1. Quick check on my filter: what residues within segment 226-261 are part of a helix (DSSP H, G or I), touching a helix residue (DSSP H, G or I) at 6+ places or on another chain (Cβ under 7 Å) and not hydrophobic (A, V, I, L, M, F, W, C)?
2. Please go through segment 150-193 and pick out each residue that is within 22 Å of T138 (Cα to Cα), of a type in the set (A, V, I, L, M) and crowded, with 20+ Cβ neighbours inside 10 Å.
3. For segment 144-212, give me every one of the strands (runs of 3 or more DSSP E) that falls completely inside it and has 1 or more residues that are more than 14 Å from L54 (Cα to Cα) and in contact with a helix residue (DSSP H, G or I) (Cβ under 6 Å, 6 or more places away or on another chain).
4. Tell me, please, whether a residue that is hydroxyl-bearing (S, T, Y) and under 17 Å from I47 (Cα atoms) can be found in segment 132-150.
5. Can you tell me which residue among D60, D92 is touching a helix residue (DSSP H, G or I) at 6+ places or on another chain (Cβ under 8 Å), charged (D, E, K, R) and modelled with pLDDT of 60 or more?
6. Out of curiosity, is G230 surrounded by 19 or more Cβ atoms within 10 Å (Cβ to Cβ), closer than 21 Å to A94 by Cβ, touching a residue at least 12 places away in the same chain (Cβ under 8 Å) and touching a strand residue (DSSP E or B) at 6+ places or on another chain (Cβ under 9 Å)?
Amino acid sequence: MQVFLGCVGRIHRPGKHSAINDQQTGIQLGTTRNSRTGTGKYSTVKIKAVLFDLDGTLLDTLDDIADAANQVLADRGLKIHDREAYRWFIGDGARILVTRALPEDRRSEGDVDNCLAAFKDQYGRNWHHKTQPYEGITRLVAMLQSAGTKMAVVSNKPHAFTETCCRRFFPDLPFDFILGQQEGRPVKPDPYQALQAATHLRMPPSDCLFLGDSGVDMETARRAGMFPVGALWGFRRRDELETAGAAACIKHPLDLLKWMDD
């Protein structure tokens with residue numbers, strides 16, 4: 001294993017770089033994929049790598065994030081939010097999440113700093129209580145790995161949490177590169193993280209598919225010159241994904257394989 005900028009990367013992985021057939025789904029993994037309409041910028045795209053968002057795409061982290069943030073609010077006598085509200089708070093990094101959760105009159109820099117530190121402590125101790133991979137994700141990742149498809153995770157979650165989550169729920173670490181939010185580095189929708197991933201995967205951005213569940217992810221993919229695919233099982237709705245530029249939206253993780261048909 002090699003470490004790049006504090007991120008996990010591997011030079012070699014098991015699995016041949018050839019198409020595989022899945023008898024149950026009848027889907028073949030290849031390199032050429034077509035957009036939903038068959039026209040426009042993404043009408044023919046060769047996919048050799050997949051970049052995943054983490055929260056809302058690979059992992060359902062909503063309950064643990066909501067519980068941690070609500071505990072911070074409750075400890076300060078502030079109104080807590082229901083679980084669904086956090087769907088709209090998540091996606092732009094921990095600081096923005098905390099800011100959105102706080103009442104408008106409690107959003108001074110000092111208040112946010114204090115609550116952000118408390119949130120990181122609370123979430124750092126309880127992040128794995130309810131979090132699980134979405135149905136079909138583990139199988140998708142395994143099939144892509146077997147097909148020799150390069151994979152990366154890019155997230156606005158703090159980098160340490162991003163690595164910890166990947167190691168916990170994907171213990172064989174099938175990802176070639178992992179990058180979360182780092183102090184002083186741009187976060188999504190800036191294309192920095194996605195382009196860093198493409199560089200370390202040694203892939204041109206145009207050969208990369210970006211799977212995410214938010215408009216931020218779709219904008220990131222577009223700005224990086226990658227193929228944007230929206231995950232409808234995640235935190236946000238189809239209209240947000242399509243408005244932000246999703247070339248396709250899928251309802252189940254294994255649907256991604258259809259977009260990689262030969």
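1. E240, T243, P253
2. Residues of segment 150-193 that are within 22 Å of T138 (Cα to Cα), as a first pass: 150-157, 159-180.
Those left that are additionally of a type in the set (A, V, I, L, M): 151-154, 160, 173, 178-179.
Passing the criteria: M151, A152, V153, V154, I178, L179.
3. Numbers: elements: 150-158, 177-181, 208-212.
Those strands (runs of 3 or more DSSP E) span 150-158, 208-212.
4. yes
5. Numbers: D60 fails: touching a helix residue (DSSP H, G or I) at 6+ places or on another chain (Cβ under 8 Å).
Exactly one residue qualifies, and that residue is D92.
6. Details: surrounded by 19 or more Cβ atoms within 10 Å (Cβ to Cβ): yes; closer than 21 Å to A94 by Cβ: no; touching a residue at least 12 places away in the same chain (Cβ under 8 Å): yes; touching a strand residue (DSSP E or B) at 6+ places or on another chain (Cβ under 9 Å): yes.
Spelling it out, it is not the case that G230 is surrounded by 19 or more Cβ atoms within 10 Å (Cβ to Cβ), closer than 21 Å to A94 by Cβ, touching a residue at least 12 places away in the same chain (Cβ under 8 Å) and touching a strand residue (DSSP E or B) at 6+ places or on another chain (Cβ under 9 Å).
The values are calculated or read from the model by the stated rules, or taken from the named source; none is laboratory data. Keep in mind that what you see is a predicted model, and the values were worked out from it rather than measured. Positions of Cβ are generated from backbone atoms using ideal geometry, with glycine treated the same way; all protein chains shown enter the neighbour counts.
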